[in-house]
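What follows is one structure encoded as C-alpha cells, with my remarks underneath.
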Amino acid sequence: MTALVRAELLKLCWTRATWAFAAAAVLLVALRVGLILAGVGTIGSAGRGSVDLTLAVLGASGSGVLVIALLGVVVVTREFHSATWTSTLLVTPNRARVLTAKFLAAGLTGVIVGILLLLVAAGLGVVFGQVGLTMSTALLQMVVGGLVYAAFWGWFGAAIGALIRNQTVALLVPPTWMLLVETLLPAYGLHRLVPVTPAGISSALAGGDMPGALPAWAAVLVLLGYGLAMSVAAGRRVEHSDVS
Amino acid sequence: MLVLTRTELLKLRSTRWPMILAAIAVVTTLLLALQPLLKAGHGAPSIGTIGATLAILDAMSRGSLVALVIGALLVTSEFRHSTITASLLQVPDRAKLITAKAAAAVLVGLALGIACFAVVLLVGAISGAFQPQLVNGDIALRAMGHILTFPVYALLGAGIGALLHFNQPLAVLLPAIWLAGLEGLVLATLPQPARTWSLTSATAGLQNSGTVPMVLPVWLGAVALVGYGLILVSAGGLRVLPADIS
C-alpha cells in the first residue's frame, strides 16, 4: 500500500494541474489575508496584534479548501479523462487497493496543501507586522481542525471523482455544494442540518461558536462517516465498471 | 449559417447533457423562488409587496450560470470527444463553425431564460406574490434583464469554451467559480469605478439591480456584457483557427 500511495503522490508531482491548483489556492489565501489586513483599523475589524486578528488571518487559509477538494477530484478523474486507468489497473489489478491508495494520497495532499496555506497566511501576517503568533488553545484547535478538514476534503473529492468519473461534472460538485447548497439550507428552515454539513463541521473543528455545533470528536466522527460512505459507494461503482 | 446553427441545435437536442443541465437550471430556479415565500414576513418582504416580487424574480440569477456552462460545453465537447475532426470535414471554415456554435448557444440560453422566467412567473402567480398592479417599468426591465442574462452568459460560455477548447473541465469550472464568487474576492482590491465594469456589476446593470453601488445603466450593462462575449468568442475563434486537428 505504501508503494501505491507513493506512486500516486509521484503522479501528482509530475502533473502540471497539481501545481496550478496549489498556486490558485495560495493566491486565494493571499488575497483573503490581504483583504483582512487591509481592513485592520476599520470599524468592526480585529485589532492590530490581537488574538482575533491572528485567528482571522490563519482562518483565511480555509479559502483554499475548495481547491483541495478539486485537487482530490482530479486525483481520480484524470485517470479516466486521460485514459490511463487501464494501464494503472494492468500494474495493480486490485481496484480496491488502487482506490484506497488514491484516497490516502488525496487526503495526504490535502494536509500538505493545508500546511502550505497556513504557512502562507501566517507568513503574510507576520511580514506585514500585524499578527503575533503566540500559541494558544484556540490557535492550536484552528490549525489542527483546519488540517483535518483539508484532509477530509482531499479524500472526499477523490471519492466524488471515483463515483462520478466524468471529470467536468465531478469538478462542478464541490463548488455547487459549498457555494450553493450549504448556503441555502438555513433559508428553507433546515437550520438543524447546518451543524452536520461539512461547513458546520469545519466551524466545530476550528472552535467556532456556531449554535448547535458538534463537539470536536463528534465532528471528526461525522466527517469519517461521510468519507467512508462516499468511499464505499465509489468503490462499488469502480469495482463493477468496464475497463477497456 | 442558418443550416449550421440548426445543426448545432440538433446536436444539442440529441445529447443528454443539455437536457440534464436545463432541468437543473429549472429546478434550481424553482427552489430559489420558493425561498422568499417560505421566509415571507419573517425577515423577508411580505407577499404582495414589490420586495417579494423582486425576490422571486431574482431566483433566476443562478440559472444563468447553467447557460454559461451549456455555452462552454457546446464548444468544448467537440474537442473532448474528438468529433471536431468530422465537423471540420463537413465545414472546413472554422470561423463559421464557431460563429454557428455561439449563435446556437445564444438561442439555447434565450430558451432557458424564458423557461426559468415561466417558472418564477408560475410560482409568483400561484403564491400571489406577483400582483398585476405592482408591475411597473422598473420591474419589467428587471425581468427582461434576467431573461437576457441567460443568452449573454451562454455567449460568454461559448467564447471561453473556444478559448480553452483544449481543456473542457477548466473551460466549465473557471467561469462558473469566477461568477459564483471568485470575481468579488479578486476585484475587491480595485477601486469602485473599475469594479463597475466587472462581469457581476455589468450583469447587475443589465438586470436593473439597484442594490449594487455605482451600477451601470441597463443599456450599458447589456452592451458591456455582449461586448465581453463577442471579444471572448473572437479571441476563441482566433485560437481555434490555427489549432492542430488530427
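The values are calculated or read from the model by the stated rules, or taken from the named source; none is laboratory data. Just so it is clear, the structure is predicted and the values come from calculations on it, not from any experiment. Cβ coordinates were reconstructed from backbone atoms using ideal geometry, including for glycine residues, and neighbour counts include every protein chain displayed.
Values computed for the structure shown
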| read-out | value |
| --- | --- |
| Filter result for B:Ser82 (out of contact with any His (no Cβ under 6 Å at 6 or more places or on another chain) and modelled with pLDDT of 85 or more) | no |
| Enumeration of residues in region B:188-199 that are within 14 Å of another protein chain (Cβ to nearest Cβ) and either under 16 Å from A:Pro175 (Cβ atoms) or crowded, with 17+ Cβ neighbours inside 10 Å (or both) | B:Arg195 |
| Region A:185-206, subset part of a loop (DSSP other than H, G, I, E, B) and surrounded by 18 or more Cβ atoms within 10 Å (Cβ to Cβ), residue modelled with the highest pLDDT | A:Thr197 |
| Residue identified as at pLDDT 90 or above and under 24 Å from A:Pro174 (Cβ atoms) among B:Leu174, B:Leu182, B:Leu164 | B:Leu164 |
| Unique residue being surrounded by fewer than 19 Cβ atoms within 10 Å (Cβ to Cβ), in contact (Cβ under 8 Å) with a residue 12 or more places away in the chain and closer than 27 Å to A:Leu90 by Cβ when the list is A:Glu182, A:Glu239 | A:Glu239 |
| Count - residues of region A:56-98 that are closer than 14 Å to A:Ala162 by Cβ, within 20 Å of the chain's Cα centre (by Cα) and buried (at least 22 other Cβ atoms within 10 Å of the Cβ) | 7 |
| Residues satisfying the stated conditions in region A:32-55, i.e. buried (at least 18 other Cβ atoms within 10 Å of the Cβ), within 14 Å of chain B (Cβ to nearest Cβ) and of a type in the set (A, V, I, L, M) | A:Val33, A:Ile36, A:Leu37 |
| Filter pass, A:Leu147 being more than 13 Å from the chain's Cα centre (by Cα), among the hydrophobic types (A, V, I, L, M, F, W, C) and more than 11 Å from chain B (Cβ to nearest Cβ) | no |
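So that you can scan it fast, the table gives a plain yes or no per residue for (1) touching an Asp or Glu at 6+ places or on another chain (Cβ under 8 Å); (2) free of Cβ contacts under 8 Å to residues at least 40 places away in the same chain; (3) not in a loop (DSSP other than H, G, I, E, B):
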| residue | (1), (2), (3) |
| --- | --- |
| B:Thr29 | no, no, yes |
| B:His42 | no, yes, no |
| B:Ile47 | no, no, no |
| B:Leu54 | no, no, yes |
| B:Ala59 | no, no, yes |
| B:Leu73 | no, no, yes |
